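Working notes, beginning with the structure itself.
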Amino acid sequence: MDERSTAHCLSRRPKQRLRLRMDLSHAIENGELTLHYQPQFVVHSGRVCGVEALARWFRANGDTIEPGVFIPLAEETGLIGALGAWVLQKACETVAGWRTPGAPPITLCVNVSTHQIDERMCAVIQRVVEQAGFPAEQLELEITEGSLMRNPEAALECLRQWKELGVRIAIDDFGAGYSSLGYLSRLPVDRLKLDKSLIRRLTTERKDAVIVRSIIVLGKDLGVSVIAEGVETEQQLQMLQELGCQQVQGYLLARPGPPEGVQALLTSRWGTRHCRVIAERDATLGQQGPAALDRFGDVSPQFRQASAS
Ligand code: G
Ligand code: MN
């Protein structure tokens, strides 16, 4: 890239951001923000046990902006409070409206920004669950490890208040940050979400497999459930089952999509073909945690090759 085009890019980027910032403030009222839902599955049965609501910004000009871009913008501009409340409200209303006779209740997971971890959020949660008629115990608020560690004492106090409303708390992207395990024992946490980066290396890096196994054991011993995120291959799913991980989420099983598709999935007995295949294998596999790591022994290079192909 020559100097001129570099300069051109640099000068355009802030302008584009400014434009996006301005447009974002109207995105909600213009109906450009939408929620997609990604199902979560019980490994041994293939049943859908929950959905994660994921915000998408479909602009009138046809562009789609990912949350990785517009959530930070909303945080910078102070719009995150309004945006976060809208997401929570929309998700609770939508999922409360799903009619799935006979299907067991599912958990609705909503991502919460670090900027929403304050005392005002309590009133928002309370109002939303009341207005939407959504059972608080089926609502799970996801907070990343990193956002908790910004101000651990304040976060702890907020989370305790939220828990009093009856909602569940999950730590998102667990294993990717720098959170202290000692702190974990004090947090009122219901679920750990194993970070995608650990899952990506699960079948190729022994150390990552060891960490994943340890987190699964940690969750079991603490009485906190563990879900693996970003499951993209059959090998990862199988290994997770062998390590005793009970819940999974990822492109292998289902991509995030509009609410109609997910609702249809809830009424079908089996979530997906993949889960059915796994479920029909020996259901006692979950007991064999240590054996799953044996494959990394002397045959590690071959295994790496095999799982890469
Ligand atoms: O930060 P959080 O863990 O909430 O991230 C959710 C994001 O991950 C969403 O944008 C979703 O689309 C994406 N996602 C969901 N499943 C997968 C997957 O299997 N692989 C990858 N790479 N991304 C995924
Ligand atoms: Mn999440």
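Could you go through region 210-221 and let me know if any residue there is crowded, with 19+ Cβ neighbours inside 10 Å and within 16 Å of ligand 1 (Cβ to nearest atom). If you could, list the steps in order and put the result at the bottom.
Within region 210-221, the first condition is being crowded, with 19+ Cβ neighbours inside 10 Å, and the residues that meet it are 212-213, 215-216, 219.
Cutting the leftovers down to within 16 Å of ligand 1 (Cβ to nearest atom) gives us 212, 215.
Within region 210-221, one or more residues are crowded, with 19+ Cβ neighbours inside 10 Å and within 16 Å of ligand 1 (Cβ to nearest atom).
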I'd like the full set of residues that are more than 15 Å from ligand 2 (Cβ to nearest atom), without any contact (Cβ under 8 Å) to a residue 60 or more places away in the chain and part of a loop (DSSP other than H, G, I, E, B), limited to region 246-262. L252
Anything in region 146-176 that is modelled with pLDDT under 95 and of a type in the set (S, T, N, Q)? List them, or say none. S147, N151
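Conditions tested, residue by residue: (1) touching a Phe, Trp or Tyr at 6+ places or on another chain (Cβ under 8 Å); (2) away from ligand 1 (no atom under 16 Å from the Cβ); (3) acidic (D, E); (4) at positive phi.
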residue: P135; (1), (2), (3), (4): no, yes, no, no
residue: E153; (1), (2), (3), (4): no, yes, yes, no
residue: D172; (1), (2), (3), (4): no, no, yes, no
residue: Y178; (1), (2), (3), (4): no, yes, no, no
residue: S185; (1), (2), (3), (4): no, yes, no, no
State which residue is farthest from A74 (Cα to Cα) when the search covers only region 108-128 and only residues that are within 16 Å of ligand 1 (Cβ to nearest atom) and not hydrophobic (A, V, I, L, M, F, W, C). N111
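Within region 51-68, take every residue that is within 11 Å of ligand 1 (Cβ to nearest atom) and among the aliphatic types (A, V, I, L, M) and give me the one that is nearest to P14 (Cα to Cα).
Among those residues, the one meeting the criterion is A55.
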Take L181 and decide whether it is out of contact with any strand residue (DSSP E or B) (no Cβ under 8 Å at 6 or more places or on another chain), surrounded by fewer than 22 Cβ atoms within 10 Å (Cβ to Cβ) and farther than 19 Å from L237 by Cα. yes
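Taking region 30-88, which residues are of a type in the set (D, E) and surrounded by 20 or more Cβ atoms within 10 Å (Cβ to Cβ)? Walk me through it before giving the result.
Taking region 30-88 first, the residues of a type in the set (D, E) are 32, 52, 63, 66, 75-76.
Answer for region 30-88, where residues must be of a type in the set (D, E) and surrounded by 20 or more Cβ atoms within 10 Å (Cβ to Cβ): just E52.
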Name the residues in region 222-243 that are within 20 Å of the chain's Cα centre (by Cα), more than 17 Å from A176 (Cβ to Cβ) and surrounded by fewer than 17 Cβ atoms within 10 Å (Cβ to Cβ), would you? G223, E234
When region 129-151 is examined, which residues are found to be of a type in the set (A, V, I, L, M, F, W, C) and either crowded, with 21+ Cβ neighbours inside 10 Å or more than 20 Å from I80 (Cβ to Cβ) (or both)? V129, A132, F134, A136, L139, L141, I143, L148
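Being of a type in the set (A, V, I, L, M) and either within 23 Å of the chain's Cα centre (by Cα) or over 30 Å from G250 (Cβ atoms) (or both) is the filter here, so list the residues in region 25-38 that pass it. Spell out how you get there, then give the answer.
Kept after step one, since they are of a type in the set (A, V, I, L, M), are these residues of region 25-38: 27-28, 33, 35.
Those that are of a type in the set (A, V, I, L, M) and either within 23 Å of the chain's Cα centre (by Cα) or over 30 Å from G250 (Cβ atoms) (or both): I28, L33, L35.
The values are calculated or read from the model by the stated rules, or taken from the named source; none is laboratory data. These numbers come from a predicted model, not from an experiment. In this analysis, Cβ positions are derived from the backbone assuming ideal geometry, glycine residues included, and neighbour counts consider all displayed protein chains.
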